[in-house]
């Protein structure tokens with residue numbers, strides 16, 4: 001009997017059959033959450049410690065689309081009026097959105113957007129508690145790594161567009177005053193590192 005089960009499992013694996021998973025812990029207020037996953041092996045959140053999709057209070061609106069295979073999104077969303085859009089088409093992409101960075105922190109009036117078309121990209125947004133964050137990342141291509149980290153307590157605006165493969169882009173913001181960054185790269189193997197502070 002065990003041999004038969006093993007053969008069936010191997011057959012299913014060879015056919016690429018893997019369930020999509022969604023783990024969301026939504027807390028309160030006026031949140032609207034829409035999740036669409038089309039493909040196999042996609043995951044939103046996880047029941048494991050430190051890898052949870054968490055929405056929180058406030059007027060959050062979260063829309064998630066993962067089209068393809070083996071895409072992951074680990075997410076923490078807080079704030080007075082956070083609005084998050086994640087649009088992924090491709091396979092093997094890893095998305096991380098930490099707005100407020102912990103489940104007890106806030107993220108003020110944030111708007112966060114990630115649009116990914118391609119494979120094996122790693123996109124991370126770590127946004128702090130106090131500022132009015134607007135962060136938009138658009139990636140078209142494969143094996144890109146894009147990170148936006150902000151602990152800025154003033155308004156923070158970041159718009160990153162990357163077209164190509166194997167690019168590494170990092171933006172770090174901190175301080176008290178309003179800050180704006182726009183990055184637009186085309187081509188392969190570019191490295192961009194921007195730090196803004198008072």
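Quick note: the coordinates plus some simple rules give every number you see, no bench work behind them. What you see is a predicted model; the values in this text were computed from it and never measured. Using ideal geometry, Cβ is built from the backbone for each residue, glycine included, and neighbour counts are taken over all protein chains shown.
What is the spin-label model distance, in nm, from residue 18 to residue 155 if the labels are put 7 Å beyond Cα along the C-beta direction?
So the label points at residue 18 and residue 155 sit 4.3 nm apart.
Can you order the peptides 27-40, 63-76 by their average number of other Cβ atoms within 10 Å per residue, highest first?
Top to bottom by mean Cβ count within 10 Å: 63-76, 27-40.
What percentages make up the Cα-Cα pair-distance distribution of the stretch 23-196 when the bins are 10 Å wide from 0?
Bin by bin from 0 Å, the calculated values are 11, 41, 36, 11, 0.
Arrange the peptides 112-118, 191-197, 171-177 so that the one whose residues have, on average, the most other Cβ atoms within 10 Å appears first.
Answer by packing, highest mean first, reads 112-118, 171-177, 191-197.
Using 0.36 nm per residue, how much length does the chain from residue 191 to residue 178 gain when fully extended, once their Cα-Cα distance is taken away?
In short, 2.2 nm is gained.
How do 148-156, 162-170 rank on mean C-beta neighbours within 10 Å, highest first?
Result, highest mean first: 148-156, 162-170.
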